[in-house]
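First up is the structure itself, then whatever we jot down about it.
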Amino acid sequence: VTITDPDLIEKSNLNRQFLFRPHHIQKPKSYTAAEATLNINPYLKIDSYINKVCPATENTYSDEFYTKQDVIVTALDNVEARRYIDSRCVANLRPLIDSGTMGTKGHTEVIVPHLTESYNSHRDPPEEEIPFCTLKSFPAAIEHTIQWARDKFESSFSHKPSLFNKFWQTYLSAEEVLQRIKSGESLEGCFHVIKTLSRRPRSWTQCVELARVKFEKYFSHKALQLIHSFPLDTRLKDGSLFWQSPKRPPFPVKFEFNDPLHYGFIVSAAKLFATVYCVPFTEKDLSEETILKIISAVKVPEFRPSNKVVQTDETARKPDHIPVSSEDERNAIFQLEKSILSNEALESDLQMKPISFEKDDDTNGHVDFITAASNLRAKMYNIEPADRYKTKRIAGKIIPAIATATAAVSGLVALELIKVVGGYSADAYKNCFLNLAIPIMVFTETAEVRRTEISRNGISFTIWDRWTVYGKEDFTLLDFINAVREKYGIEPTMVVQGVKMLYVPVMPGHIKRLKLTMQKLVKPSADKKYVDLTVSFAPEIDGEEDLPGPPVRYYFVQEDN
């Protein structure tokens, strides 16, 4: 058995299976599962790895690797990974048993070469993303505010520090950056990095002050700006009110030190700012007395309405780059000069410590920050808040799971495994959907593989078929097309390699490619013996689209056998 999984064991994994224990937390899943399984049956031979199975690891999990396996068994957590493994199994004619659980629900699907459809033969609807404008300005459900808070965590404590460090690794000193900006050079990310440097907190007091200012910006000024941009009586072109369901008008939250939610946000945010800016703090610093003293002295900026355009289009995506004005650039030069003069741009100041979100450590304040930020935003929009547990589940993308569902699915997978290894006929295999809560268990026969007929010359094929063409060093694209026509009796009209179009007659310059060798067109690596191509052919009825044939495996040289 070869097993691979890049993940480490988390606390939330313990209640859903039988191989991991509390002392295994933060150890690799694959190594631990192998060790626990060998305790049950020491006669098994298990090779365990911590690699992802994806295009980047195809040197390890190559066609040769797949063809050596009797069967592939997956327990994946996303559709994209399932599609990828399925495509590799189809390309290498390997049986695949897929399964999954969610809470009390579970499914198993068995895919057998030449007998059944593959996973990619049917398509689940894509997972819906929350529109950018909903997250930024118009939340209507607690899931929206939790995602907003998680995004704020990532941008403030992970993404921004990483970009900051990367910038100063490229440009080694503040003086060098200042000189290059003054000479008119445009340095990517420069404005945002200088802004971060000039506002960098250097003490615990400044971390608490920064948290208090962020509270005002996120939960008061944001609401005031939206109502300034869209007053409550705003109407759309058709005369209907702008602020109508699902849009909720926001109302500013007034800071109250004695409100546990407000206080919780300040403490958790200040701790995270201190961590990313490498500012030490003590237990005394975290006391209510110290924090009250700091907050009482904070001068909170007054709200000044701006003319910013608020995005209302639900199809709009988050912009990759925020444009920087010439005034911002002048301000950046001024701030950088000021930082250099006041010795605030020393080498130690050009480093931040990015934080990776960790949901299972209750002492790090990550879930505390997201819970407080999400519930404050919910309060601002009059949305029912969520407790810490629910927030942790949604923000951490924890898929609910129980050991009984895992056991049921594992047993069903084992039954199909016996059938696959035994070479059973098509009618023996069963897919299953179950829900232990109802309880219901539905078995269905596997869908028979669909055969595509090319009726004009009696040729037909399925997803499991693969044509082969053997070439040689000086084999041209024209030779390849002629070889397909002679061997399989169809006239290729198009040749594609993955997403790369090798030959499309209507494309400019493609006719000239017919004289090029396959080696030059495909550019294979030195150890690559073949390439899988898709060949299309003309339809029987004029005006219809070209029909794709089965994959054609082109060998660059004739194999010995």
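The values are calculated or read from the model by the stated rules, or taken from the named source; none is laboratory data. Note that the structure is a prediction, hence the values are computed from the model and not measured. Counting neighbours? That spans all protein chains shown, and the Cβs are built from the backbone with ideal geometry, glycine included. Keep in mind that these areas ignore ligands, DNA and RNA; they rest on the heavy atoms of the full protein, side chains included. Shrake-Rupley method; radii C 1.70, N 1.55, O 1.52, S 1.80 Å.
With K and R counted +1 and D and E -1, the other residues having a Cβ less than 14 Å from that of T406 yield a net charge of +2. Cβ-Cβ distance of V557 and L187, R₀ of 45 Å, FRET efficiency by 1/(1 + (r/R0)^6): the value works out to about 0.35. So if I take the centroid of the Cα atoms in the stretch 88-144 and the same for the stretch 284-301, what is the distance between those two points in Å? Going from one Cα centre to the other spans 49 Å.
A straight line joining the Cα centroids of the stretch 255-271 and the stretch 442-515 runs 64 Å. Summing charges over neighbours of E154, with a neighbour being any other residue whose Cβ is under 14 Å away from its Cβ, gives +4 when K and R count +1 and D and E count -1. Accessible surface computed residue by residue for the stretch 465-555, with neighbouring protein chains in place and a 1.4 Å probe, gives 59 Å² per residue. In the chain, taking the dipole from charged Cβ atoms about the Cα centre, the farthest positive-side position among W168, Y470, Q206 is held by Q206.
Checking every one of the trypsin sites (Lys or Arg not before Pro) in the stretch 1-82 against DSSP loop status and a limit of 12 other Cβ atoms within 10 Å picks out K45.
Of the cross-linked pairs K271/K318; K160/K397; K397/K430; K27/K353; K472/K523; K27/K390, which ones have a Cα-Cα span greater than 19 Å in the structure shown? Those over the limit are K271/K318; K160/K397; K397/K430; K27/K353; K27/K390.
Charged side chains reduced to their Cβ positions (Lys and Arg at +1, Asp and Glu at -1) give the chain a dipole of some 1260 debye around its Cα centre. Sites listed here are trypsin sites (Lys or Arg not before Pro) in the stretch 446-550 whose DSSP assignment is loop and whose Cβ has at most 14 other Cβ atoms within 10 Å: R450, R451, K472, K528, K529.
For the chain, excluding the exposed loop sites themselves (GluC sites (Glu not before Pro), DSSP loop, at most 10 other Cβ atoms within 10 Å), the longest remaining stretch covers 303-472. Checking every one of the chymotrypsin sites (Phe, Trp or Tyr not before Pro) in the stretch 433-514 against DSSP loop status and a limit of 13 other Cβ atoms within 10 Å picks out no site at all.
If I compute mean projected area of the Cα convex hull in nm² from the structure I just sent, which labelled value in (i) 26.7; (ii) 36.6; (iii) 38.1 lines up? Label of the calculated value: (ii). Take the Cβ atoms of L417 and R199, set R0 to 56 Å, and the FRET efficiency comes out at 0.45. The modelled label-to-label distance between S173 and D151, using points 7 Å beyond Cα along the C-beta direction, is 4.0 nm. Its Cα centre serving as origin, the stretch 452-560 has a Cβ charge dipole (Lys and Arg +1, Asp and Glu -1) of approximately 540 debye.
Within the stretch 465-555, DSSP assigns beta bridges of which about 80% are antiparallel (rounded to the nearest 5). Taking all protein chains as shown and a probe of 1.4 angstrom, S87 keeps an accessible surface of around 50 Å². Each of D474, D70 has its accessible area taken with a 1.4 Å probe; listed largest first, they run D70, D474. Put simply, when 367-377, 392-402, 217-227 are sorted by average Cβ atoms within 10 angstrom per residue, most first, you get 367-377, 217-227, 392-402. If the chain linking T57 and K308 were pulled fully straight, counting 0.36 nm for each residue of separation and taking away their Cα-Cα distance, it would gain 85.8 nm. As a fraction of the 1.4 Å probe accessible area of the chain, surface on carbon and sulfur atoms comes out at 54 percent.
Here's the picture: charge each Lys and Arg Cβ at +1 and each Asp and Glu Cβ at -1 in the chain, and of P250, A395, Y66 the one pushed furthest to the positive end of that dipole is P250.
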